[in-house]
1. Would you point out the residue of segment A:158-195, among those that are surrounded by 24 or more Cβ atoms within 10 Å (Cβ to Cβ) and free of Cβ contacts under 8 Å to residues at least 40 places away in the same chain, that is nearest to A:E10 (Cα to Cα)?
2. Take B:V135 and tell me if it is of a type in the set (V, I, T) and within 17 Å of B:P55 (Cα to Cα).
3. Do any strands (runs of 3 or more DSSP E) entirely within segment A:8-108 hold 3 or more residues that are more than 13 Å from chain B (Cβ to nearest Cβ), and if so, which?
4. Within segment B:95-116, can one find any residue that is crowded, with 23+ Cβ neighbours inside 10 Å, over 16 Å from the mean Cα position of the chain (by Cα) and farther than 17 Å from B:T140 by Cβ?
5. Residue by residue through segment B:1-10, note down the ones that are away from chain A (no Cβ under 11 Å) and either buried (at least 21 other Cβ atoms within 10 Å of the Cβ) or within 14 Å of B:V103 (Cα to Cα) (or both).
6. For segment B:22-32, indicate whether the set of residues that are free of Cβ contacts under 8 Å to residues at least 60 places away in the same chain, over 17 Å from B:N166 (Cα atoms) and outside any helix (DSSP H, G or I) is non-empty.
7. Can you report the number of residues in segment A:96-136 which are surrounded by fewer than 20 Cβ atoms within 10 Å (Cβ to Cβ), of a type in the set (G, A, S) and more than 17 Å from B:M91 (Cα to Cα)?
8. Could you pull out the residue among A:E254, A:E214 that is over 18 Å from A:G98 (Cβ atoms), outside any loop (DSSP other than H, G, I, E, B) and in the same structural domain as A:A162 (by TED's automatic domain parsing)?
Amino acid sequence: MIKQVAPAVEVTALRRVFAGGKGLRKRGPEHVALDGVDLVVDAGEVHGLLGPNGAGKTTLCKILSTVLLPSGGMAKVLGHDVVTHTAQVRTSMGIVFGGERGLYGRLTARQNLKFWGALHGLHGKQLRTRVDALLDRVGLRDRADDRVEAFSRGMKQRVHLARGMVGDPALLLLDEPTTGMDPVAAKDFRALVGELRAERRTVLITTHDMVEAEQVCDRVSLIDSGRILATESPNALSEWITRFERVDALVPPELVSRLRTLPGVGSVSTSDDGRTRFETTEEGVAAQLVRSLVEAGVTTVTTSKPSLEEVYLHVFGGNGMAVRR
Amino acid sequence: MRTLLIGCWYQLLVLRRSPADLMALFVVPVNTTVFLAIMQHADRPDLAGHAVLAPGLMALWAISLVTCGELIDAERWGGTLEALVAVPARMLPLLTGRIVVVVTASLFAFVESYFVALVFFDVSISVPHLGVFVVSMLATGLAMACWAGVMASVFVLARSARIFQNALGFPFFVLGGVIVPVSYLPDWLRPLTNVVFLSWSSDLLRDALNPAPVQDFGFRLLVLLLLALAGGGLGAYLLSAVLRRVRSLGTLTYA
């Protein structure tokens, strides 16, 4: 069981600006990746960072893991400044960068973990025991002595996870950890995060997967253009955007026109199958809408609350495929 | 010390899985054959030692230039440099351990060239000054390891280190007196050759194969060791500076 003093992560007015252009002088326009980020992650919390590509999620993780220096502001991990006390930060933190790279393909999974474990100060029986336990934990025991280059993307991601945990960190930074995993492996991963929470480890996880964020995170921070837009529980965040229910029903066109004018009814859209969705903007309007529909003889009515995915699309939906500079 | 040993262990694993990293060792028999054929054609058996030492020194330099020079950059391309920086272990001893293994393996080139001479040319190289030879060889390996650290750090700054690696081969064979003793070179090159450790190494090793007494061995060895020390110090400084620079610029990875 890990004992931590709160907060595990403390970020204040953190800025990171990348110089633009090429060459040593880099005279191109600057790119602001983090623009005054404030964030607190409590000890033992599983915290999600949710945002589109280029939002600043990975930059924040890199600064917290000491591999990138901030341009301004302050960041502390378990009370240690990431710029001035890198040794203490590195001892207490594990990081999992997503993607195919970041492992030694020509070495086996076991050799990879032994190498990284040794760099965390483990040796001898302790190292062997830790590596075996982790291989078990991520379901790679039977492939432990196969070269990593022969692994699928999902299996590589499991090795990444094991590598992040090999130092027995109090804080684990997971940057897109389920990228490439199949649904079964992703489900196992969520169970693993649950175990980490039970061990009172702090987990900061960046993800695009809304289901994952809803299922594993205690709190979620929405980040875009280098700024934290909101930090809430997944449920609270859902209510934060479209605080109220929406109503779906098979409604005659003339009735749609009438209901559209009701106070508190926001957008109204009709899908190809004739189902109309009323988005409400005030509390209690959904109930009023249902009553009006039933009185008009409409019996196929459903109400629902937005998922975190819809919240995400609400906030970032305008971006499309664009990646911010 | 433990991190250095981890570096050694890791590099041994890598070399076992990737023998092409020591490609220059496969070329040593060819180079030895060329030099010995020239020696025989010129009817200069007194140059046999030169012909056998040159391919070894060339391989030592080439492997250090390419394999050691790419040690950090390869980590960056592989996406592992960030994770290496984020661990508690220090990079310098880890890199040193890896370099030590590569340089030690590359010393096998001298054994290769010796046996090529013996087997294919019936030329047996005797070592009249065995002590001088062994000490000079060890000092050469040390100096090579130290300067390999410099190259590993410097090449991180280059977007394409391969261009520099290709360019730095032959000039150092010349300035290092690897193929031709530096005493044969124009005088104006002396200031340059004097600061290239290979020039002291190659002269000492050649003298160790010559029956004549080795002149000023202590002084020449001291210079070689001082140049090694300078390389080691410069390498350590550059590694620290380069890592800080790439952490600052955000170029620890190419992703």
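1. Among those residues, the one meeting the criterion is A:T178.
2. Working: of a type in the set (V, I, T): yes; within 17 Å of B:P55 (Cα to Cα): no.
For B:V135, the condition - of a type in the set (V, I, T) and within 17 Å of B:P55 (Cα to Cα) - is not met.
3. On the way: elements: A:9-20, A:28-41, A:46-50, A:72-77, A:93-96.
Where strands (runs of 3 or more DSSP E) fall fully within segment A:8-108 and carry at least 3 residues being more than 13 Å from chain B (Cβ to nearest Cβ), they are A:9-20, A:28-41, A:46-50, A:72-77.
4. Within segment B:95-116, not a single residue is crowded, with 23+ Cβ neighbours inside 10 Å, over 16 Å from the mean Cα position of the chain (by Cα) and farther than 17 Å from B:T140 by Cβ.
5. Here is the first cut: in segment B:1-10, the ones away from chain A (no Cβ under 11 Å) are B:1, B:4, B:8.
The answer is B:C8, and nothing else.
6. Step one: of segment B:22-32, the residues free of Cβ contacts under 8 Å to residues at least 60 places away in the same chain are B:23, B:26-27, B:30.
From what's left, over 17 Å from B:N166 (Cα atoms): B:26, B:30.
Still in the running and outside any helix (DSSP H, G or I): none.
Scanning segment B:22-32, I find no residue that is free of Cβ contacts under 8 Å to residues at least 60 places away in the same chain, over 17 Å from B:N166 (Cα atoms) and outside any helix (DSSP H, G or I), so the answer is no.
7. 4
8. On the way: A:E254 fails: in the same structural domain as A:A162 (by TED's automatic domain parsing).
Just a single option satisfies the conditions, and that option is A:E214.
The values are calculated or read from the model by the stated rules, or taken from the named source; none is laboratory data. Given the structure is predicted, the values throughout are model-derived calculations rather than measurements. Note that we place each Cβ from the backbone using ideal geometry, even for glycine, and neighbour counts take in every protein chain shown.
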